[in-house]
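The values are calculated or read from the model by the stated rules, or taken from the named source; none is laboratory data. Computed from a predicted structure; not experimentally measured. Don't worry about glycine lacking a Cβ; one is built from the backbone with ideal geometry, like all the others, and counts go over all protein chains shown. Accessible surface is based on the protein model in full, side chains and every heavy atom, while ligands, DNA and RNA are left aside. Shrake-Rupley method; radii C 1.70, N 1.55, O 1.52, S 1.80 Å.
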Amino acid sequence: MPKQPEIFFDLETQHLAEEVGGWGNKHRMRVACAVTFDAHTQEFQNYLEAEVERLLATLQSAGLVIGFNLKNFDYAVLQPYTQVPLSRLPTLDLLEEIQRTLGFRLSLDTLASATLGAEKLADGVQAVRWYKAGELEKLLDYCRKDVALTQQLYLFGKEHGHLCYYDRNRRKQRVPVAW
């Protein structure tokens, strides 16, 4: 039986938290798009809201779903689309691991810039603007870039045993990781 793949995953929403009554209502933000990267086939897949069933099948087939803030955000947005508890998926949430080690959160952009010398294309507010303007290619490019950054951080951490970030004094620091 072939090994189940590692799937890197990110999604973008149709609405901002303030539009749905705050962060406690992530389940109302709705999926605008999602992107996965299959570590075995080395292929990206794009999904729009109408293709959520296909996305869910991909995630459920994964040996491990890897992402950044998956458990607290992406799964909360995606959960209304399925009866399957997404919390049961085998998941590595890089943000959760970093927060557990440091005791505070770091952004994907902070880790990517210090560790990889790379930056995100935009932010979640801009992503919602692109969605509302019908600029789906820009939105998918942004989401794909976040998936790629997450994958690169995962691989860097796996190889080197740490990721980097800048502290408040702009000194580069290391955070140990074990995945």
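The lysines whose alpha-carbon is closer than 19 Å to the alpha-carbon of Lys138, local same-chain residues fewer than 8 away aside, are Lys120.
Annotation: amide H-H contacts under 5 Å for Asp10 (H modelled 1.01 Å from N, sequence separation of 5 or more, or interchain): Val35.
Dipole size of the chain about its Cα centre, with +1 on Lys/Arg Cβ and -1 on Asp/Glu Cβ: approximately 600 debye, rounded to the nearest 20.
The residues of the chain have, on average, 53 Å² of accessible surface per residue, using a 1.4 Å probe with all protein chains present. What the Cα convex hull of the stretch 138-179 gives, in volume per residue, is 75 Å³. Taking every alpha-carbon pair in the stretch 1-89 and binning the separations at 10 Å intervals from zero gives 17, 52, 26, 5, 1 percent.
Here the Kirkwood formula, the inverse mean of 1/r across different C-alpha pairs, assigns the stretch 54-144 a hydrodynamic radius of 14.9 Å.
Distance distribution P(r), the chain, all Cα-Cα pairs, bin width 5 angstrom from 0: 1, 8, 17, 21, 21, 16, 10, 4, 1, 0, 0 percent.
The 3J(HN,Hα) values that the Karplus relation (6.51, -1.76, 1.60; θ = phi - 60°) gives for the stretch 10-19 are, in residue order, 8, 9, 10, 10, 7, 10, 7, 4, 5, 7 Hz. Gly and Pro appear as x. Distance from the C-alpha centroid of the stretch 2-42 to that of the stretch 133-179: 16 Å, rounded to the whole angstrom.
Rounded to the nearest Hz, the phi-derived 3J(HN,Hα) couplings of the stretch 109-116 under the Karplus curve 6.51 cos²θ - 1.76 cosθ + 1.60 (θ = phi - 60°) are 5, 4, 5, 5, 5, 6, 8, 10, where x marks glycine and proline.
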